[in-house]
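Peer 1: Pasting in a structure now, in structure tokens, and then I'll have a few things to ask.
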Amino acid sequence: MSDATVAHSLEELERRLGGLSLRGQWQADANRPQNVRKGSNGAVHIEPIPAGRAHAWRWSDIVPILQYACKAMPESYTARRALILHNPGLPRGTTHTMLSSIQIVKPGEIAWAHRHTINALRFSIQGGPKTYTIVEGRKLSMEPYDLLLTPGWTWHDHHNDSDHDAIWLDGLDVPFTLALNQSFYDELGEIAQQPGPADSLGPLMFRPSPSQQGEAMRPLRYPWAETLRAIEARGGEPVDPLNGRMVEFINPRTGGSVLPTLRCRVQILPPGFEGRLQRHTSSTILFVISGEGSVRLDSGDIAWGKHDTFALPNWAQHRFVNASKREPAVLFTMDDSPILFAFGYYRSECETAP
Ligand SMILES: [Fe+2]
């Protein structure tokens with residue numbers, strides 16, 4: 001039978017395309033997860049479906065399982081005794097671009113030296129002056145709520161010379177880096193780096209007054225005592241109706257985010273705060289330093305309390321609420337907005353004033 005006598009059908013076309021390693025654009029569009037709606041004139045409008053689920057990990061669940069992990073395996077069993085906060089709606093990661101874990105290092109243990117192209121940070125929860133990370137030979141102590149950076153491809157090892165467990169929140173751009181297939185990893189071959197003198201860079205940087213741009217060496221540790229001073233200095237400023245007050249950690253060399261892929265901030269919700277409904281194309285991981293409240297989403301409310309961690313997917317409608325009428329709520333947040341700003345993808349929208 002000649003080709004001219006075969007009926008031309010879409011089904012036959014797609015069968016032939018498959019055999020030639022070709023695919024119709026209409027096939028790709030039909031399989032892509034996205035929200036499609038039609039305007040009154042029939043024009044199609046497309047926007048993303050939030051990637052993954054909003055989810056909270058409770059400190060009361062984390063602590064006992066960390067202790068169990070310490071008994072079940074020594075630090076030397078793996079590079080890091082870290083429990084990944086796995087989003088139940090994603091194949092990997094805490095959001096579709098970021099991964100967080102809670103890590104414990106027992107007294108006397110060392111999480112041995114390695115480096116990777118993945119950018120990483122730690123937000124210390126339990127620690128002290130004898131708990132420290134060495135980054136490129138710089139010894140950085142890890143006191144409660146200090147922020148430490150290990151930018152991509154920097155050697156780092158973690159030490160606990162104290163007599164208490166050290167616990168911190170890790171934040172990494174793992175899913176993003178893996179999606180680009182850019183993951184490189186080296187072990188040092190030694191347990192630890194030789195530390196230089198203790199890190200002693202000058203005052204750190206917080207928006208909105210970047211007065212130290214051009215500093216020769218950038219900070220890799222943002223001590224909580226300085227963060228608190230920055231928060232107090234902002235105390236008299238107007239409260240943003242979406243997010244309360246925000247203090248952003250910045251890289252003084254660029255005036256931008258602390259890591260090329262991750263923005264870190266502290267968010268303060270004043271007593272009784274109930275934020276406006278908002279959404280943005282960045283995804284966020286939040287750790288509760290103090291206070292209690294909830295985030296209200298289309299999928300329901302997520303309540304949170306001290307030391308809980310929760311994830312907000314990109315483009316998910318949400319509203320922050322502080323449950324206390326007397327105490328502020330203070331949260332450490334990391335988000336992937338630097339990636340979106342770099343490529344012009346960032347969008348946001350919010351409820352207008354009543
Ligand atoms: Fe690492």
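The values are calculated or read from the model by the stated rules, or taken from the named source; none is laboratory data. Quick caveat: nothing in here was measured; it's all calculated off a predicted structure. All Cβ positions, glycine included, derive from the backbone under ideal geometry; neighbour counts span all protein chains shown.
Peer 1: With Ala111, Ala72, Ala79, Ala120 as the choices, which residue is of a type in the set (Gly, Ala, Ser), within 11 Å of the ligand (Cβ to nearest atom) and more than 27 Å from Arg265 (Cβ to Cβ)?
Peer 2: Ala79
Peer 1: Considering each residue of region 168-198, count those that are more than 12 Å from the ligand (Cβ to nearest atom), under 21 Å from Ile110 (Cβ atoms) and surrounded by fewer than 21 Cβ atoms within 10 Å (Cβ to Cβ), and give that number.
Peer 2: 10
Peer 1: Here's another thing I want to ask about it. Got a number for residues in region 27-58 being surrounded by 10 or more Cβ atoms within 10 Å (Cβ to Cβ) and hydrophobic (A, V, I, L, M, F, W, C)?
Peer 2: 7
Peer 1: For region 123-149, which residues satisfy the criterion of being of a type in the set (A, V, I, L, M) and within 15 Å of the ligand (Cβ to nearest atom)?
Peer 2: Ile134, Val135, Leu140, Met142, Leu148, Leu149
Peer 1: Right, something else. Mind listing whichever residues of region 143-157 are in a strand (DSSP E or B), free of Cβ contacts under 8 Å to residues at least 60 places away in the same chain and under 20 Å from the mean Cα position of the chain (by Cα)?
Peer 2: Across region 143-157, the qualifying residue is only His156.
Peer 1: Considering only region 128-149, how many residues are under 21 Å from Val330 (Cα atoms) and either surrounded by fewer than 19 Cβ atoms within 10 Å (Cβ to Cβ) or modelled with pLDDT under 95 (or both)?
Peer 2: 3
Peer 1: Also: Suppose we keep only residues that are more than 14 Å from the ligand (Cβ to nearest atom) and surrounded by fewer than 20 Cβ atoms within 10 Å (Cβ to Cβ) within region 150-166. Which one would you say is nearest to Ile110 (Cα to Cα)?
Peer 2: Once the filter is applied, the top-ranked residue is Asp161.
Peer 1: Would you pick out the residues in region 240-296 that are more than 27 Å from Ile49 (Cα to Cα), among the acidic types (Asp, Glu) and assigned to a strand (DSSP E or B)?
Peer 2: Glu248
Peer 1: Moving on to the next point. Pick from Trp57, Trp26: which is aromatic (Phe, Trp, Tyr) and in contact with a Ser or Thr (Cβ under 6 Å, 6 or more places away or on another chain)?
Peer 2: Trp57
Peer 1: A further question follows. Any chance region 40-48 includes a residue that's away from the ligand (no atom under 16 Å from the Cβ) and under 20 Å from the mean Cα position of the chain (by Cα)?
Peer 2: yes
Peer 1: Continuing with this model, one more query. Starting from region 106-123, take each residue that is among the acidic types (Asp, Glu) and list its partners that are more than 10 Å from the ligand (Cβ to nearest atom) and at pLDDT 95 or above, counting only C-beta distances under 7 angstrom and pairs at least six apart or across chains.
Peer 2: Glu109/Asn160
Peer 1: Could you grab me the full set of residues in region 113-127 that are of a type in the set (Ser, Thr, Tyr) and either surrounded by fewer than 22 Cβ atoms within 10 Å (Cβ to Cβ) or closer than 9 Å to Trp153 by Cα (or both)?
Peer 2: Correct list: Thr117 only.
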